[in-house]
1. Post the alpha-carbon centroid distance, the stretch 472-519 to the stretch 119-169, in whole angstrom.
2. Classify the stretch 552-668 from the C-alpha gyration tensor, please: rounded if a/c falls under 1.5, else prolate or oblate depending on whether a/b exceeds b/c.
3. With point charges of +1 on the Cβ of Lys and Arg and -1 on the Cβ of Asp and Glu, referenced to the Cα centre of the chain, which listed residue (10, 627, 84) lies farthest in the positive direction of the dipole?
4. Treating the stretch 602-644 as a set of equal point scatterers at the Cα positions, no solvent, please give the Debye-formula log₁₀ I(q)/I(0) at q = 0.21, 0.28, 0.30 Å⁻¹.
5. If I take R0 = 51 Å and measure r between the Cβ atoms of residue 100 and residue 210 in this structure, what FRET efficiency does the formula 1/(1 + (r/R0)^6) give, to the nearest 0.05?
6. Mark the label point 7 Å from the Cα of residue 668 along Cα→Cβ and return the residues of the stretch 634-661 whose backbone N is within less than 11 Å of it.
7. Label 7 Å along Cα→Cβ of residue 501; the stretch 473-487 residues with amide nitrogen under 13 Å?
8. Using a 7 Å offset from the Cα along the Cα-to-Cβ direction at both residue 311 and residue 245, what is the distance between the two label points in nm, to one decimal?
Amino acid sequence: MEDTGGRIRQLRRDLGQHNYYYYVLARPIISDCEFDRMMVALQVLEAEHPEYADPHSPTQRVGSDLSKEFNQVLHVYPMLSLGNTYSEGEVGDFYERTVRGLNGEPFEIVAELKYDGTSISLIYEKGRLLRAVTRGDGTRGDDVTANVKTIRSIPLKLMGDNFPDSFEIRGEILLPWAEFDRINKEREEQEELLFANPRNAAAGTLKQQNPAVVASRKLDAYFYYLLGENLPSESHYGNLEAARSWGFKVPDVIQICRTPQDIFDYIARWDMERKELPVATDGIVLKVNSLRQQRNLGFTAKSPRWAISYKFQAERAVTRLNAVSFQVGRTGAVTPVANLDPVLLAGTTVKRASLHNADIIEGLDLRIGDRVFVEKGGEIIPKIVGTDTEARDMMSGAKVCFIPRCPECGTELVRPKGEAAHYCPNETGCPPQIKGRIEHFVTRKAMDINMGPETVEDLHNAGFVKNAADLYKLTVHDLLSLERWADKSARNLLESLRESKNVPFERVLYGLGIRYVGETVAKRLAYAFRTMDELAEASLEALIKVDEIGERIAQSVIAYFADEGNREIVSRLKEEGLQMSVSEEQLSQRSEKLKGLSIVISGTFSLHSRDEYKAMIEQHGGTNSSAVSGKTDYLLAGDNMGPAKSDKARKAGVKIIDENEFLNMLTE
Ligand code: IVH
């Protein structure tokens, strides 16, 4: 018989060693999935043999968000979690425990919303933000100060003067719904993996290596916990009010409750009203108000006894995970999809759920055949939120791991640094990538060629078309050799190809399918460089000078044109007569509607870019100047315009208009 104690000790030693390789040396020597397998094996053995329990076992660690690329910092006060409750009954139990814990002394409860983002701890010294640290494993977190400094709602310097010399404040970093939708729409257009929910998006953004990317996604931060010596108040509520006066975003929906009924009323109210909030919430947090009473109640190993969370009910169903398939998209991004037994959820039948990426699969610890919980929260696509490990039996299937190789062409997948997605790098040899690029090229928003995915498939399978340029070599004879093609349909397609040669340059550029170059980016690049040749030779500096073109896009454009194969396709398309520059006609769509007017542009816009507005002003005879002066006629104001600029404009009697008013001036 096997020596169970010895096996458990061995697993603990090995896992400890691999933790060290991963977290300390940042050089793991086994895959995350293998690590997980060992962890599961240990968990199973420990559950079966409680006599070997050990609080220092690697299984006892709380979940960690530590990553390799950031400096790690010890938390002065550990970042604990909260006990969860799911019913009024359990909330009542918490209330009763508190009554007993305080020996019947009266107490108040502060009710707050539980914000569903990623937690952050900020340290301020002498009124200035010193450091921002993620939760990490609760004891140590990642120093993400540079990224956090880009979040506008976080004060870098405090207001007033009644703050302690040194203190810590904790809160939640959130991605508002509107911004979440905007980013996912953009990602969809660029065939990047979608964020599952605002929480993942916020956490992912905070771990970006490039603070400029963080700044471009408008994160927000709400605060709910002040720590330190010499705090301004002996009550939690008082401290939050003080923090608000120093410039922190402390939600004003916090409320003092004096009876269990007050708490239940708060829960009932916010279970409804939270749907109107700009950010995601997943419950209520209840905290004893008096700090003295908090100290008396103290902590358990994992959470405070003076606080608890109540989780809102999401619409949830239970079903069976039958299989996980992996789909390869046009850019080579690989998306895992769960195939489920059909189940009714929030009025629709759900058969599939996106598993998003390797991290999410890892976090869920799934086996084929598992009974899984499927929820439709704020997300568009249903998601698997957990698995019923207790329902597992000897028959349960293999652990679900992300595949190492492309399911279509067998090439080893790569995961770029800082990204959640895996890609198949075999761009020119992987069928769904080849077909996907052609499908993209012919879409309405690009070349608008009259051809569906089946035709692309047939043409590719018959060996006629491997890239966009091959399309223009097709003959009636080629098409007639395929099944289901007749003379008329063949001629129609060739006519459509001929017509596509008039499609404007920016759409040709979009059609090339350069990663991160969506419709809007293509337009921006087209107008900034005017010709394909200029764009192909553009330097990194020249590219990032263009409004809203960051390094990531710039690098992608450079990489595209550095590839000999791509250059050849572009040059063949040019020979075929496709539009490779912004036409004179586009350039000459001029009028004199703004003649003699001096217009200053400030802020960020949603309908057009600043460059486009600048071009429009010039196109219509106006002049665009950079600073407001006595000569300025209009200030075209977008979002996030500095207050100094609008003050100055008002004082100078300059008319302030928004983008709609401006566009109306052009169409009047
Ligand atoms: S108080 C010791 N208040 O929930 C108490 N936490 O499971 C510390 N959270 O890690 C937390 N809204 O990320 C507190 N109003 C709120 C909260 C909140 C969201 C998160 C936080 C924490 C987790 C606790």
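1. Centre-to-centre (Cα) distance: 55 Å.
2. Numbers: a/c = 3.54, a/b = 1.96, b/c = 1.81.
The shape class here is prolate.
3. With unit charges placed on the Cβ atoms, the residue in question is 627.
4. Per q value, in the given order, log10 I(q)/I(0) is -0.74, -1.16, -1.23.
5. The value I calculate is 0.50.
6. Of the residues in the stretch 634-661, 661 have backbone N under 11 Å from the label point off residue 668.
7. Label zone hits: 473-474.
8. My value for the distance between the label points is 3.8 nm.
The values are calculated or read from the model by the stated rules, or taken from the named source; none is laboratory data. Just so we're clear, the structure is a prediction, and the values are computed from it rather than from any experiment. Counting neighbours? That spans all protein chains shown, and the Cβs are built from the backbone with ideal geometry, glycine included. In case anyone asks, the SASA skips ligands and DNA or RNA and just uses the protein heavy atoms, side chains included. Shrake-Rupley method; radii C 1.70, N 1.55, O 1.52, S 1.80 Å.
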